[in-house]
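Participant: Take a look at this one; I'll ask things after.
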Amino acid sequence: MKYKSQKVAYWFFALSMLLLVLQIIYGFIMGFARIGLDGLHEFIPFNTARAVHTNLLVVWLLSGFMGAAYYIIPEEAQRELVNVKWAYVQLISLALVGVAAVIGFHFNIWEGRKFLEIPRPLDYLVVANVLLFLGLILTTLFKSKRRTTTSLVLSMGLLFAALLYLPGMIPFDSQVLDSFFRWWVVHLWVEGVWLLIMGGILSFLLIKITGVDREVIEKWLYVIIGLTFLSGILGTGHHYYYIGVNKIWIIVGGIFSALEPLALLAMALFAVNMYRKGEKKHPNKIALLWTLGSAIVAFIGAGLLGFAHTLPQVNLYTHGTLITGMHAHLAFWGAYAMIVFAIISYALPNLTGRKFYDSSRGRMAFWLSNIGMFGMTIAFGVAGVAQVYLERKFSMDFMEVQKEVSIHFVVLIILATLFTFGVSLYIVEFIKHGRPTDEALETLDS
Ligand SMILES: [Fe+2]
């Protein structure tokens, strides 16, 4: 039994794909600038491209999470969304706010706060948008008699993500205080509450795809959430080592960051074990690939590569270098981009009635984008290690070092091209599914 209001999810996914394409374009602008091909410098200098690249990432992932919620919540709550019209209003306003922020960046309308460059006045619109979204999701849940652990974890993740946006809006004169609370948003999002969102989506997908009992899967979900909070909250300390706060954070941040990979390891083991236990009967192999892939790549990118530079002794040298870029690319790709790709791959055939469950294009999209992204990660890592030694150990001038490592960006661009080819195949598959229809939802049996 499916619900017609789930169709709105499709448009959030479509917005996601559109903004992802833009994000990749800005990534290439930066890659080329790194090797001296900076023809767009007058219009799009590196710092603008960087802010656009990271902010677009956040907006397309949020759009993907929202789409996931609009798809999952009605199904879990076993009722239609309380108001579909407002969900479309929310979609359009999300797109407008995102686009307005990005256009503003090109005219230097932004705040120099890394990852939170959206100007404060626009933040109020973000808040209004998210409140509308949460209102729709939570009332749907409250009006239903069926509240599953999966739907609660997903909506708690979304609710906490919204609440944590607020500390980032407090104005401070002190750079230290500003940094301190900025990380409440950035770190506690990606290493805290976003993992609840990921866990909720993962749990939903595993229940549907593996056929393992809900009770078993949801019990694991509790363990993962426990581990995430245990390590992730105080793990915020790895951003506080050398910003001017109390030295206690060096110890707290070091210890709790070292525990963070455990939550991600649990997540990967969870996904793989549920697949092994399951009946392996579900025909949607592409969705399965992205689901398991997400849990495994998240462990490598977020867990292992994160740990590679959270020890204070290491971070002293790697802080703010390309080592961060190495970790960030594979972490965001594995944990968040791939889980969005997974829910889209699962939802699209159900919404549109076109069953591209196991197409070779779909498989190619998965492998090429992943090989490309792993290669990019290695290129970032090699450039980053070289940068750390030359700049931080041997005190070479910053720009001199950038020149020395620019060759690695040639490699990076080649692998980014492979990655983009994979993503393009995924988008072709997305478009080939066509639009969602009522008939597709009515005739669905699972
Ligand atoms: Fe962090």
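Participant: Just round it to a whole percent: the fraction of Cα-Cα distances in the range 4-438 exceeding 42 Å.
Facilitator: Beyond 42 Å sits 10 percent of the P(r) for the range 4-438.
Participant: Which far-off residues, 5 or more places away or on another chain, put their amide H under 5 Å from the one on Lys114, with H placed in the peptide plane?
Facilitator: Amide H neighbours of Lys114: none.
Participant: Moving on to the next point. Convert each backbone phi in the range 191-196 into a coupling constant with the Karplus relation 6.51 cos²θ - 1.76 cosθ + 1.60 (shift: θ = phi - 60°), then list the ³J(HN,Hα) values in order as whole Hz, x for Gly and Pro.
Facilitator: After applying 6.51 cos²θ - 1.76 cosθ + 1.60, I find 10, x, 6, 5, 5, 5 Hz.
Participant: Rounded to two decimals, what ratio of Rg to Rh does the range 219-320 give with C-alpha atoms and a Kirkwood Rh?
Facilitator: Rounded to two decimals, Rg over Rh is 1.11.
Participant: Rank the residues Glu191, Glu404, Glu75, Glu439 as a footprinting-exposure proxy: fewest other Cβ atoms within 10 Å of their Cβ go first.
Facilitator: Glu439, Glu404, Glu75, Glu191
Participant: Give Lys219/Lys277; Lys7/Lys285; Lys85/Lys143; Lys85/Lys145 a once-over and call out the pairs whose C-alpha atoms are over 20 Å from each other.
Facilitator: From the list (Lys219/Lys277; Lys7/Lys285; Lys85/Lys143; Lys85/Lys145), the Cα-Cα distance tops 20 Å for Lys7/Lys285; Lys85/Lys145.
Participant: Can I ask one more? Hey, what number do you get for the chain at 222 nm if only DSSP H runs of n ≥ 4 count, each worth -39500 (n - 2.57), divided across all residues, to the nearest 500?
Facilitator: Value at 222 nm, helices only: -24500 deg cm²/dmol.
Participant: Let me ask something else about it. Can you put Ser63, Ser294, Ser5 in order, fewest other beta carbons within 10 Å first?
Facilitator: Placing the least packed residue first, the sequence is Ser5, Ser63, Ser294.
Participant: Then there is this: Which of Phe32, Gly211, Ser257 sits closest to the plus end of the dipole of the chain, meaning its Cα is farthest towards the positive end, when Lys and Arg get +1 and Asp and Glu get -1 on the C-beta?
Facilitator: Toward the positive end, the furthest listed residue is Gly211.
Participant: On to the next question. Assigning unit charges at the beta carbon (Lys, Arg +1; Asp, Glu -1) and nothing else, what dipole magnitude in debye, to the nearest 20, does the chain show about its Cα centre?
Facilitator: 1060
Participant: Would you kindly derive the ³J(HN,Hα) couplings of the range 148-158 from the backbone phi angles with the Karplus curve 6.51 cos²θ - 1.76 cosθ + 1.60 (θ = phi - 60°), listing them in order in whole Hz, with x for Gly and Pro?
Facilitator: 8, 4, 4, 5, 5, 4, 4, 6, 5, x, 5
Participant: Kindly put Arg34, Arg113 in sequence by how many other C-beta atoms sit within 10 Å of each C-beta, fewest to most.
Facilitator: Least crowded to most crowded, the residues run Arg113, Arg34.
Participant: So if the hydrodynamic radius of the range 115-186 is defined as the Kirkwood radius over C-alpha pairs, what does Stokes-Einstein give as its diffusion coefficient at 25 °C and 0.890 mPa s, in µm² per second?
Facilitator: Here the translational diffusion coefficient equals 178 µm²/s.
Participant: How much space per residue, in cubic angstrom, does the convex hull of the C-alpha atoms of the range 246-303 take up?
Facilitator: Convex hull of Cα atoms, per residue: 69 Å³.
Participant: For the range 51-151, what size does the Cα cloud have along each of its three principal axes, sorted from largest down, in whole Å?
Facilitator: 49, 23, 16
Participant: Reachable aspartates and glutamates from Lys4, Cα under 17 Å, same-chain residues fewer than 8 places away excluded?
Facilitator: Of all the aspartates and glutamates, those that pass the test against Lys4 - Cα under 17 Å, at least 8 places apart if same chain - are Glu75, Glu76, Glu80, Asp438, Glu439, Glu442, Asp445.
Participant: If you don't mind, another one. Given a cut-off of 19 Å, what percent of all Cα-Cα pairs of the range 272-355 lie beyond it?
Facilitator: In whole percent, the long-distance tail amounts to 50.
Participant: Then there's this: Using each residue's phi in the range 244-254, evaluate 6.51 cos²θ - 1.76 cosθ + 1.60 at θ = phi - 60° and report the 3J(HN,Hα) Karplus result to the nearest Hz, with x for Gly and Pro.
Facilitator: Listing the rounded values in order: x, 9, 4, 5, 4, 5, 5, 6, 4, x, x Hz.
Each value in this text was obtained by applying a stated rule to the coordinates, not by laboratory testing. Please read all numbers here as calculations on a predicted model, not as lab measurements. With ideal geometry, Cβ positions are generated from the backbone for all residues, glycine too; neighbour counts draw on all protein chains shown.
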